[in-house]
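Colleague: The structure follows.
The values are calculated or read from the model by the stated rules, or taken from the named source; none is laboratory data. Please read these numbers as outputs of a predicted model, since none were measured by experiment. Glycine gets a Cβ as well: all are built from the backbone with ideal geometry, and neighbour counts include every protein chain shown.
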């Protein structure tokens with residue numbers, strides 16, 4: 001062993017968010033011995049048995065600390081021979097004490113993503129990281145499926161296909177199928193960005209408040225009220241959506257409003273979907289018509305339909321008549337919007353890349369295989385499955 005360097009017993013990672021909470025969870029991984037031997041002096045089970053005697057999977061209540069009289073009440077569950085979870089009070093003090101005790105036992109505190117990568121694999125760590133960012137049950141369920149082995153299994157099969165000259169077309173088809181879900185996969189942990197636009201006073205702020213179910217944007221009948229981009233996150237049918245209320249688009253010499261309008265146009269360019277609002281209670285203008293023409297893929301909303309209809313047949317046939325006051329059309333807006341950003345839903349067991357690294361390497365593999373560079377394709381797929389060489393400060397001591 002390297003002289004002057006003590007081998008670490010393993011790692012400890014806080015799985016729950018930092019800060020006050022009801023319960024905190026610390027995951028302990030032992031490197032070279034059973035985890036129960038490593039923390040035997042620190043955990044005292046209420047049933048009087050050493051952790052070594054507790055079967056894997058049993059939930060055990062006890063006290064934590066070398067002096068059990070003044071210790072912390074904890075619940076410990078040995079999940080496997082080499083790792084266990086410690087559940088304690090969610091306050092910072094309890095977590096800090098347990099981590100300090102583990103540090104004295106030569107356990108190094110690391111981020112949970114690193115711990116999972118060290119003992120599970122980079123792919124699993126990436127999937128779990130995206131899962132931790134999911135904001136709805138629907139997206140979390142799909143990410144959990146990828147993390148549980150679906151993505152790794154499909155990549156393993158792809159690697160075999162890429163090595164077989166007779167299976168090139170099958171491998172390309174599979175890569176195309178996975179890449180087709182790229183945009184969907186990236187949005188499982190990041191909401192779809194939806195921008196509301198229209199002339200001043202068409203009711204963008206009122207509509208965004210109605211869609212949210214509470215007042216987030218300021219409503220006022222003076223043009224130019226919205227100067228900045230006001231955003232709010234919600235979910236429609238289980239899919240996360242970020243709604244952006246932007247400045248009303250018009251020609252103006254007022255510097256601050258012009259800056260807001262420029263920002264609004266920038267938001268429109270990068271949005272996943274757009275809602276173009278027109279005021280049905282006012283006759284159509286050239287600015288309305290230009291907006292509809294410029295953003296031909298947008299969902300057109302004939303707003304303020306409760307105040308009358310001055311548009312008649314001028315309103316596009318596909319437009320939705322809506323009112324933020326009566327609620328008319330709100331459900332249809334949500335349904336149409338989700339149909340646009342999520343046109344299809346993957347079947348169970350579908351492999352989906354969930355971050356930009358995975359998408360990029362799949363793209364590399366596809367391009368290489370299509371040009372006959374089988375070695376480069378296999379290399380890209382291997383980089384998806386195997387963690388790159390660790391940084392020097394993470395290399396373990398060697399004999």
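Colleague: Do any strands (runs of 3 or more DSSP E) lying entirely in segment 17-84 carry at least 3 residues that are under 24 Å from residue 119 (Cα atoms), in contact (Cβ under 8 Å) with a residue 24 or more places away in the chain and in contact with a helix residue (DSSP H, G or I) (Cβ under 9 Å, 6 or more places away or on another chain), and which ones are they? Quick ask: steps written out before the conclusion?
Modeller: On the way: elements: 23-30, 43-45, 59-64, 72-80.
Per the criteria, 23-30, 72-80.
Colleague: Identify, from the list 125, 148, 166, 117, the residue that is under 21 Å from residue 351 (Cα atoms), surrounded by fewer than 16 Cβ atoms within 10 Å (Cβ to Cβ) and modelled with pLDDT under 90.
Modeller: Checking each option against the conditions leaves just 148.
Colleague: Which condition does residue 180 not pass, out of (1) touching a residue at least 60 places away in the same chain (Cβ under 8 Å); (2) within 20 Å of residue 350 (Cα to Cα), if it passes all the others?
Modeller: Every condition holds for residue 180 apart from (1).
Colleague: Restricting attention to segment 326-346, and to residues there that are touching a residue at least 40 places away in the same chain (Cβ under 8 Å) and assigned to a loop (DSSP other than H, G, I, E, B), which single residue is surrounded by the most Cβ atoms within 10 Å (Cβ to Cβ)?
Modeller: Filtering first and then ranking leaves 342.
Colleague: Given the structure, is residue 93 at pLDDT below 90, assigned to a helix (DSSP H, G or I), outside the structural domain of residue 239 (by TED's automatic domain parsing) and closer than 21 Å to residue 14 by Cβ? Before you say what the answer is, go through the steps one by one.
Modeller: Values: at pLDDT below 90: yes; assigned to a helix (DSSP H, G or I): yes; outside the structural domain of residue 239 (by TED's automatic domain parsing): yes; closer than 21 Å to residue 14 by Cβ: yes.
For residue 93, the condition - at pLDDT below 90, assigned to a helix (DSSP H, G or I), outside the structural domain of residue 239 (by TED's automatic domain parsing) and closer than 21 Å to residue 14 by Cβ - is met.
Colleague: Any residue at all in segment 27-45 that's in contact with a strand residue (DSSP E or B) (Cβ under 9 Å, 6 or more places away or on another chain), within 21 Å of residue 132 (Cα to Cα) and surrounded by fewer than 15 Cβ atoms within 10 Å (Cβ to Cβ)?
Modeller: No, there is no match, as no residue in segment 27-45 is in contact with a strand residue (DSSP E or B) (Cβ under 9 Å, 6 or more places away or on another chain), within 21 Å of residue 132 (Cα to Cα) and surrounded by fewer than 15 Cβ atoms within 10 Å (Cβ to Cβ).
Colleague: Identify the residue in segment 1-16 that is outside any strand (DSSP E or B) and closer than 14 Å to residue 88 by Cβ and, among all such residues, is modelled with the lowest pLDDT.
Modeller: The residue in question is 16.
Colleague: Could I ask something else about it? Please state which of the following conditions residue 175 fails to meet, knowing it meets all the rest: (1) at pLDDT below 65; (2) out of contact with any strand residue (DSSP E or B) (no Cβ under 9 Å at 6 or more places or on another chain).
Modeller: Every condition holds for residue 175 apart from (1).
Colleague: Still on this structure, please answer the following. For the condition touching a helix residue (DSSP H, G or I) at 6+ places or on another chain (Cβ under 8 Å) and not assigned by TED's automatic domain parsing to the domain that holds residue 150, what is the one hit in 377, 368, 322, 351?
Modeller: Every option except 322 fails the conditions.
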